[in-house]
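See below for the structure under consideration.
The values are calculated or read from the model by the stated rules, or taken from the named source; none is laboratory data. Given the structure is predicted, the values throughout are model-derived calculations rather than measurements. FYI the Cβ positions are ideal-geometry reconstructions off the backbone, even for glycines, and counts take in every protein chain you see. To get the accessible areas, we keep the full protein, side chains included, count just its heavy atoms, and leave off ligands, DNA and RNA. Shrake-Rupley method; radii C 1.70, N 1.55, O 1.52, S 1.80 Å.
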Amino acid sequence: MKKILLSVTAFLSFQFAMAQAPQGLNYQAVVFSSNGTALSNQLVSLRLSVLDSSATGTAVYVETQNPTTDTTGLFSVVIGNGTVVSGTFSAINWGKNYKFLKTEIDTLGGSNYVTMGVTQFMSVPYALYTNPTYESLEYPDGLRNITPITIDSTPYIVPLGKNLYIPPGRWYGIVVNSDTITQFGTTTAPYYPTGISSNEVVSVIYTGTFQGWLVDKTVNWITVNISSSPFIIPAGKIFIVTNSAPTIGSNSQYYLNLNGVQVGGIQGFPSITGTILSSGQVLSATLIWGSGSYIVNGYFRDE
């Protein structure tokens, strides 16, 4: 088999389809022979794998393709449109853990693949979530025009027309408008995100930082203290609960109530997390002992 070099150009771009999330990533590469000349007009075989978490992680999606190079050795394929070996492209959870692309090639068009390299996907693939449905609790609409941002103890005001999206993870100690919200109550995943809307003030209570994404405002995120007063879902809206817990340092325990009926045990986790509530339903918290606040995070969508 010929020795080859793989040069990646215009590495990733996107295919868009009307009224749905993009279903492919454009991939281009140039193949050279060992003497440095382009491998032109050659049928090649590719095996492309999306790896989870690390360059040696589990393959969550694998496909093969058989493009033909042009006179300059260039080929173009759409990852997601090949022959599926394993996994489902549309089911890849781009926002949970890092993702890596492993490229293997057989320049003779067979199945004797040689690994050409593993490359980490950077922030670009998260644009795959430009148009999801609200049923995707971890990745609702609103992830357009992503700008990574780091928050520390200095109060930060979310700009007008933007949301601060906090990806799923075991985060804690985030202060929003003087309420300390958290993501705990279970020791393992799945975790859910939260979001902070325009003009809200956010910081952290401990020494350190956390990372979020500044995105276009298309989701009406809300943080509500249901221990101070019941929360009624407005008419014409549904409320998706992404997480709920007592505030850090409150040293308290609560029961959660839906329409006056207890639905959560002490601290109310995890029964209320991931719940979709209809308009007119009422959330409240009953203090068992101690003092503090019980915070529920989520977002509104039209019914």
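Laid out as a table, the results:
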read-out: Heavy-atom accessible area order for I222, I240, largest first, 1.4 Å probe; value: I222, I240
read-out: Peptide ranges 277-290, 147-160 listed from the most packed, as the mean C-beta count within 10 angstrom indicates; value: 277-290, 147-160
read-out: Solvent-accessible ranking of E303, E200, E63, largest area first, probe 1.4 Å; value: E303, E200, E63
read-out: Approximate spin-label separation L258-Q28, in nm, with each point projected 7 Å along Cα-to-Cβ; value: 5.1 nm
